[in-house]
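Q: Got a structure for you, written out below as structure tokens; questions coming shortly.
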Amino acid sequence: MLESMGLPLPAESLIITTSLYCAATHRLQIEWVAAAAVVGAIMGDNFGYLIGRAVGFRMLRKYGGKVRLTPERLVLGRYLFRRHGGQVVFFGRFIAVLRVFVALLAGANRMPWHTFLFFNALGGICWAGGYSLATYYLGHRVLALSGPIGIAVGAVAVIVLGGGFLFLKRNEERLTREAMVAAKEDDKRHGGFADETEPHATGR
């Protein structure tokens, strides 16, 4: 919840670690862990949306640096919301650099709340619920194996996850650079960081 409100906390790592703990010890029920993660994600984003809508871009630009919401990220966020609307809310859940700020940016962009609520809830269920359940069942399967087979499967899983992380990280950095160039040009055309009241983000 706190991460979704704009605080740079490791929510994704917490979900994965807790789910693996459930698989290894059975001291927590994965259903309740998944439910807590989903509810926290949705609640946090709604609080973040209200904060962003209340303070607007001028205040975010002035104080956003305290939560690592830099001017460059504000420019990028405005550009993404103008172009993609609700898709940013949904897919932003799965991108670390966006997940912390997406609700604040949605509110500051005056995205209609009902549109935000739909994509936010859908993203929260898929991200928090999907990560927790997938991690639990994968971990449970690996732990059920023994001997060399278990070690081999664990090693393959680590390699695949590590390779996937590096691939996504490299492409995320490249796409972010390309988007920043386009965002700066777009921001110049729209007059910079005026604290606008007209809604820019639609559900498209």
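Values in this text are rule-based calculations from the coordinates and carry no lab data. Not measured: the values here are computed from a predicted model. All Cβ positions, glycine included, derive from the backbone under ideal geometry; neighbour counts span all protein chains shown.
Q: Once Rh is set to the Kirkwood radius over Cα pairs, what Stokes-Einstein translational diffusion coefficient, in µm²/s, holds for segment 1-57 at a temperature of 25 °C and a viscosity of 0.890 mPa s?
A: In µm²/s, the coefficient rounds to 199.
Q: At a 10 Å Cβ-Cβ cut-off, how would you order 185, 3, fewest neighbours first? Don't skip to the answer; put the middle values down first.
A: Numbers: 185 10, 3 20.
By the 10 Å Cβ count, ascending, the order reads 185, 3.
Q: Test of the criteria: in segment 34-143, which trypsin sites (Lys or Arg not before Pro) are in a DSSP loop and have at most 15 other Cβ atoms within 10 angstrom of their Cβ?
A: Details: sites: 53, 58, 61, 62, 66, 68, 73, 78, 82, 83, 93, 99, 110, 141; in loops: 68, 110.
Counting only loop positions with at most 15 other Cβ atoms within 10 Å, the trypsin sites (Lys or Arg not before Pro) in segment 34-143 are 68.
Q: Peptides 131-138, 43-50: what's the order by average Cβ count within 10 Å, highest mean first?
A: Values: 131-138: 18.1, 43-50: 21.9.
Those peptides, ordered most packed to least, come out 43-50, 131-138.
Q: Considering the Cα trace of segment 12-128, what is its radius of gyration and what is Dmax, both in angstroms?
A: My reading of the Cα-based Rg and Dmax gives 15.3, 48 Å.
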